[in-house]
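In what follows, a structure is listed as structure tokens, so that the remarks can point back to it.
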Amino acid sequence: MSNLLGFFKVPLRLVSNTSQRLRRARLLKKDCENTGWDVEAEQVADRLLRDVLGDRYSEFQRLGYLDVRSRLFPDVVYRLRMARPIEVRGVDRFPRQCRICVVVGERVPPSDELLAKLLWLQTDEARLLAVANRVE
């Protein structure tokens, strides 16, 4: 477990919620134009995300991110955003923040990517940290 602590040493640049939402809209439009999937695929993925998140979905829509508590490190929270690396936020033990990136094997709608990261964090956090790349 001690080899996982290296992820918590990289500083993180913060981005405002408004600019993040605008960026998501631009990314979605660009992705729909430049990839094999379309707006309908993102809508289906978004419905699945809404079903899995349940009551947390409206909070996710309002804030533009989803916070997930670490099961390995009690004072660490992972912040998930659409089409962005996972932000790792430490409360006490890890005062500096970092980002980790997990690349999916093929192009998928942003909602599917976010859901995959969420489920991976919830089911095998140690493996995710072992294979993820730090983003400087």
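The values are calculated or read from the model by the stated rules, or taken from the named source; none is laboratory data. The shown structure was predicted, so the numbers you read here are calculated from the model rather than taken from an experiment. As a convention, Cβ positions derive from the backbone with ideal geometry for all residues, glycine included, and neighbour counts pool all protein chains shown.
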Pick out, from region 44-136, the strands (runs of 3 or more DSSP E) lying fully within it that include 3 or more residues that are touching a Pro at 6+ places or on another chain (Cβ under 7 Å). 98-101
Considering region 56-109 alone, what residues qualify as being on the phi > 0 side of the Ramachandran plot and modelled with pLDDT of 90 or more? Gly64
Screening Leu114, Leu66 for residues that are in contact with a helix residue (DSSP H, G or I) (Cβ under 6 Å, 6 or more places away or on another chain) and of a type in the set (A, V, I, L, M, F, W, C) leaves only Leu66
Go through Val104, Val76 for me and flag whichever is surrounded by fewer than 19 Cβ atoms within 10 Å (Cβ to Cβ) and over 11 Å from the mean Cα position of the chain (by Cα). Val104
Before we move on, is Ser70 surrounded by 14 or more Cβ atoms within 10 Å (Cβ to Cβ), touching a residue at least 60 places away in the same chain (Cβ under 8 Å) and hydroxyl-bearing (Ser, Thr, Tyr)? no
